[in-house]
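*Asks:* The structure that follows is given in the form of structure tokens.
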Amino acid sequence: MRCSDCREALSSYLDDELMSPEAQEVREHLATCAECDRQHRVLADTSLLLREKLVRHQAPDVLKARIRSALAQPHAFDSPRASRPIPVGRPPWLLFAAAGLVIAIGSSALTFAAMRQGASSHAVAADVLASHIRSLMPDHLTDIVSTNQHNVKPWFNGRIGLSPPVPNLDSAGFVLVGGRLDYIEGRSVAAVVYSRRQHVINVYAWPTTDHAMAATRATNERGYHLVQWRADGVEYWVVSDLNAGELDQFVREFIAASR
């Protein structure tokens, strides 16, 4: 099975809609292809998140009673000024069916948008975390080693289409270690590295076409804390195994100093 065929079948596979031979082919492919397996896990996590977090509104009993009453009256939709019968081709239930269809389409669009946004966010978080873990391997943490922001910041010039902020946070207890180039979802990104005691803090930054401000959003994955926000056309991700309270302090200090 090719990767393109597997990814097209993932949604049906998750919903148990595939025939046994097709499902077996997908399982075998996922066992040998790390990228397709990652996409499968992202879709599965997103599906679980939607089931757990999406709000389902129940129609109030009063509304149900009014609908039943309206359906029971053949002339419920007649104009009060006219007594002509409802045309044969447009029975009352058709209006409710049309309204239901509009609601269903709107709900499906919102659900699909939420799934796409959730899947994209999960995919980026997975790549960021994988990059952070790789950086902890020997000789992978920095391309330039320096505690001087005036050495680290210019190093990125010409290497990436972004000059990332490299604030000096020594006074707050966060020591600049250096920087490197890394790759998140196929794009080159800047990674500025700090330390707090024995804990490494990676700050990833890359340009984004969305210039709207986005508040900080924190998640926890496999014992690591990830914090993401967007400002001035740049998306930031911070990753560390530092405790959540101190990492939150780091993010506040970093944002304040970057301004």
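The values are calculated or read from the model by the stated rules, or taken from the named source; none is laboratory data. In this text the structure is predicted, and so the values were computed from the model without any measurement. Every residue, glycine as well, gets a Cβ built from its backbone with ideal geometry; the counts of neighbours run over all protein chains shown.
*Asks:* When you look at Arg196, is it under 30 Å from Cys36 (Cβ atoms) and either of a type outside the set (A, V, I, L, M, F, W, C) or without any contact (Cβ under 8 Å) to a residue 24 or more places away in the chain (or both), yes or no?
*Replies:* The answer is no for Arg196.
*Asks:* Among (1) over 30 Å from Asn220 (Cα atoms); (2) small (Gly, Ala, Ser); (3) modelled with pLDDT of 90 or more, which single condition is Ala130 missing?
*Replies:* Looking at each condition in turn, Ala130 falls short on (1).
*Asks:* Another one. Here is a list: Leu129, Leu136. Which entry is farther than 12 Å from Ala191 by Cα, over 24 Å from the mean Cα position of the chain (by Cα) and not polar (S, T, N, Q)?
*Replies:* Leu136 is the lone residue from the list that is farther than 12 Å from Ala191 by Cα, over 24 Å from the mean Cα position of the chain (by Cα) and not polar (S, T, N, Q).
*Asks:* Within segment 201-236, restricting attention to residues that are in contact with a His (Cβ under 8 Å, 6 or more places away or on another chain) and not charged (D, E, K, R), which residue is farthest from Val251 (Cα to Cα)?
*Replies:* Among them, the one singled out is Gly233.
*Asks:* To continue, here is another question. Here is a check on your reading of the model: is Arg90 at pLDDT 65 or above, over 30 Å from Thr219 (Cβ atoms), more than 25 Å from the chain's Cα centre (by Cα) and not hydroxyl-bearing (Ser, Thr, Tyr)?
*Replies:* When the stated conditions are applied, Arg90 does not pass them.
*Asks:* Looking at the structure I just gave you, is Arg252 in the same structural domain as Pro164 (by TED's automatic domain parsing) and either polar (S, T, N, Q) or exposed (fewer than 13 other Cβ atoms within 10 Å of the Cβ) (or both)?
*Replies:* It is true that Arg252 is in the same structural domain as Pro164 (by TED's automatic domain parsing) and either polar (S, T, N, Q) or exposed (fewer than 13 other Cβ atoms within 10 Å of the Cβ) (or both).
*Asks:* In segment 1-30, how many residues are within 20 Å of Asp45 (Cα to Cα) and basic (Lys, Arg)?
*Replies:* Residues that pass the stated criteria total 2.
*Asks:* Can I ask one more? All but one of (1) modelled with pLDDT under 70; (2) assigned to a loop (DSSP other than H, G, I, E, B); (3) within 24 Å of Ala123 (Cβ to Cβ) hold for Leu49, so report the exception by its number.
*Replies:* Single failed check for Leu49: (2).
*Asks:* So, one more: With the condition kept exactly as written, say whether any residue in segment 107-118 is at pLDDT below 55, small (Gly, Ala, Ser) and buried (at least 17 other Cβ atoms within 10 Å of the Cβ).
*Replies:* yes
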